[in-house]
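Have a look at the structure below before the remarks.
The values are calculated or read from the model by the stated rules, or taken from the named source; none is laboratory data. Small disclaimer: the values here were computed from a predicted structure and weren't measured. All Cβ positions, glycine included, derive from the backbone under ideal geometry; neighbour counts span all protein chains shown. These accessible areas exclude ligands, DNA and RNA; they are computed on the full protein's heavy atoms, side chains included. Shrake-Rupley method; radii C 1.70, N 1.55, O 1.52, S 1.80 Å.
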Amino acid sequence: MLLKEFTLREDPKEAVCTASALGLYWIEINGKRVGEAFMTPGFTDYRQMLQVQRYDVADLLKKGKNRIEMTVNAGWYSGRFGLGETSKIYGDVPAGMLSLEVRYADGKKEAFATDERWEARESHIRFSGIYDGEIWDFTKECKPLTPVVAEYDESRFVPQMCEPVKNIERIGVKRVFYTPKGELVYDFGQNLTGVAEVKTDEDFDGTLVLTFAEVPDGEGNFYTENLRSAKATDKLTGRGAHTFAPEFTFHGFRYMRVQGAKLREENICALVRHTDMKRTGSIRTDSKLFNRLLENAVWSQRDNFLDIPTDCPQRDERLGWTGDINVFCRTAAYNYDIRAFMKKWLATLRQEQLPGGEIPHVIPDVLGWSGTDAVWGDCVTMIPWTLYRMYGEESFLSENYGAMKKFLQAVERSTENGLVMRGHQYGDWLALDGEKYFSSSCRGGTDEYFIANVFYAVSLGIVAETAKILGDEETSGYCAERRKKLLSDMEDEYFTARGRLACDTVTARVLLLHFGLVPERRRKRLARELNDMVAARGYHVTTGFAGTPYLLFALADNGYAETAEKVLFNETYPGWLYEVKLGATTIWERWNGYLSDGPNREAVSMNSYNHYAYGSFMEYVYRRITGIEASAPGFGRVKISPQPCQNLLNIRAEYDSVHGKILSGYEINGKEITYYAEIPEGVQAEIYLPGSEKPEAVGGGKYTFVRETASAFPGNRA
């Protein structure tokens, strides 16, 4: 804790506190918290960029004596973080910086700033780690410390770039029970990211130990094996009444085990913490089960959008994996306004891109792993393009254009005879179709370099379009020609003379069809084969991170919408609703993460129950089932083209675009189906209804169309 006492000659008219830290911090003035943000200053590559926060604190100051306290912790900067026991990634010890500028009614100013004259002492927080939790002890003396001034290049300071992390919601205890082993457990009914707030009574004297978990084991006991080395444990030692909520850590949890006392339910709540983004999209249907699945996708986004887009919030990882956010980005942008959030993350990505163009696998790069891995590396082209299409802001392209081109140059160096043939690849990560043959592999059954060439073609196409928009015709032409040659080489490599696809998997067909990478003469056969393969697998999802986000699109957009519906609404393993039927309240990392007899024992070391990647199905619901689609960047023009589902009698989706609210939905009433649409003022739209020969061209307003129900369900049309 850094602290200073000072005297003001009168109540200030204005007062601004500016602060940051190498690590994490929070501030109190005269015993009151400054601001509502947590985990400040946020997670960046501290060696290159450090965010600075500004607070209006005039109301916290007074004439006479005042006291300011800044508590600083290691956090991402020097605490244990990464994989395993890694620590001190950016530095050895945390440091805080604070300045306070006061202006009086007569216009005169007074300023205070951290220096060697500030007092330093221990705080009641005896330990805090992002993975391991926080320990508070109110019975220990807070001993004096000697402050040391740390050097830092002020040119690296930047203002707060996105919305802060806040306490967004309070969730009470839903159930209290004892496990078969006799342990006391509190169930909050929702897997979430945050901390628990607990209150002790006046007669309390001792230590509370709070441990957090996502799921029970097969016997109903408290289960933390999937957290790996993360202790995820908070401790409070004290006497009397205290309100305890950790400052510098967060947990991914639904269940909390309590040792040391039995607390009353009303004295406990879960504080949901994540970046305070504006909600922009929502979907509601008549199906309770499907609504729960939609909520699961939103919850996994909330839980993993804590300052950076993480893979998971619970185990000793919580990293900004590039592949995960790449496949989920459009879904995320429908659900929330993620412009500022992603601009901050992309700024770090550009700083950490290697000189040769390779992309780190996680951003910020705390692992030192990088390459041109398909999907993961392609985040540098695909994410800016997605954000440009969703928000219409050309800056997403211009800011990242140089990084896009450098990445393509890196991919080009991994080619032989025109095709990508070298380098590390994640393949179709966690697909089930490879496990029976490669039980030790997570990469699925689809050839890794086939996937790499697919996404190389995707990135070439994006950069060609980006270059055209930015006026770089030379690069646009080159990328377009390189893509054309690549597709020709892929056809020669992966198709036999009679048209059989050598890479005989669901994902291979999904990718070729969805991204339009095959000549029209091959499309019909590939679509038929895809449909047959999905049907043969009982309409289950066996694809992984590369194939799953595009599976439903590839089916529906090629005449097999009925098959897509059967996959989406399948309630048996493996599939989305199977998870819901087993009680999931977030999206799982693995299709087989939890089985009928409990957690998957063969996947303990990598088994998160809060991963948003497979939540990308929600993009399909927005764009196909309710049909809300951008015809121009930022929804400057809109296409409404609903594809009703027989499993849903009614559905209503809203999206608050940068041009205003867009609504689409339908309601089935016997032999009639009523479609609803709302278009913002000043926006032109085309409304395509099933069975209609041509679209309705409309402007801003509300519209209703009544049709025969039969016209909405033509079945598979291929």
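Brief remarks follow.
- Cα centroid separation - region 354-368 against region 369-430, whole Å: 12
- Carbon and sulfur %, accessible surface of region 61-183 computed with the full protein complex present, 1.4 Å: 50
- Probing with 1.4 Å while keeping every protein chain in the model, the per residue accessible area of region 133-240 equals 50 Å².
- Rounded to 0.05, the FRET efficiency of the Arg126 and Met533 pair, given R0 = 45 Å and the Cβ-Cβ distance, is 0.20.
- Taking label points 7 Å from Cα along the Cα-to-Cβ direction, Arg292 and Glu85 give a separation of 4.2 nm.
- Two-site FRET efficiency, Lys140 against Glu10, from Cβ-Cβ distance with R₀ of 35 Å, rounded to 0.05: 0.40
- Area of Asp532 that stays accessible when all protein chains are in place (1.4 Å probe, Å², to 10): 80
- Between helix 288-304 and the chain: long-axis angle, C-alpha atoms, 0 to 90°, nearest 10: 50
- Note that region 578-718 presents 42 Å² accessible area per residue, ligands and nucleic acids not counted, probe 1.4 Å.
- Which of Thr139, Thr331 is most accessible, then next, and so on - probe 1.4 Å: Thr139, Thr331
- Cα-Cα P(r), the chain, percent of pairs per 20 Å interval: 16, 47, 30, 6, 0
- One Cα centroid belongs to region 646-697, the other to region 1-35; the line between them spans 52 Å.
- Computed over the chain, relative contact order equals 11 percent, with contacts defined as Cα pairs under 8 Å that lie 6+ residues apart.
- Surface composition of region 507-626: carbon plus sulfur atoms contribute 47% of the solvent-accessible area (1.4 Å probe, protein chains only, all chains present).
- Fully extended contour minus Cα-Cα distance, from Glu265 to Ser711, at 0.36 nm per residue: 155.3 nm
- Label-point gap, in nm, between Ala241 and Asn592 - each point 7 angstrom along Cα→Cβ: 5.4
- The residue among Ala508, Ala15, Ala431 whose Cα reaches farthest toward the positive pole of the charge dipole of the chain, with charges on the beta-carbon of Lys, Arg, Asp and Glu, is Ala508.
- Using alpha-carbon coordinates, inclination of helix 395-412 to the longest axis of the chain, degrees: 70
- Sites matching trypsin sites (Lys or Arg not before Pro) across region 610-692 that sit in DSSP coil, with at most 11 neighbouring C-beta atoms within 10 Å: Lys671
- Centre separation in Å (Cα based) which lies between region 446-495 and region 199-269: 52
- Against the chain, whose longest principal axis is taken from its Cα atoms, helix 473-494 shows a tilt of about 60°.
- When each of Lys288/Lys671; Lys566/Lys694; Lys174/Lys581; Lys199/Lys288; Lys13/Lys344 is checked by Cα-Cα distance, pairs over 30 Å: Lys199/Lys288; Lys13/Lys344
- Charge dipole (debye, nearest 20) of the chain; +1 at Cβ of Lys and Arg, -1 at Cβ of Asp and Glu: 820
- Cα gyration tensor shape for region 37-106, rounded if a/c is under 1.5, else prolate or oblate: prolate
- Over the chain, dividing the summed -39,500 (n - 2.57) contributions of all DSSP H runs of at least 4 residues by the number of residues returns a 222 nm mean residue ellipticity of -8000 deg cm²/dmol.
- Residue separation of Thr704 and Glu571 scaled by 0.36 nm, minus their Cα-Cα distance, works out to 44.6 nm of gained length.
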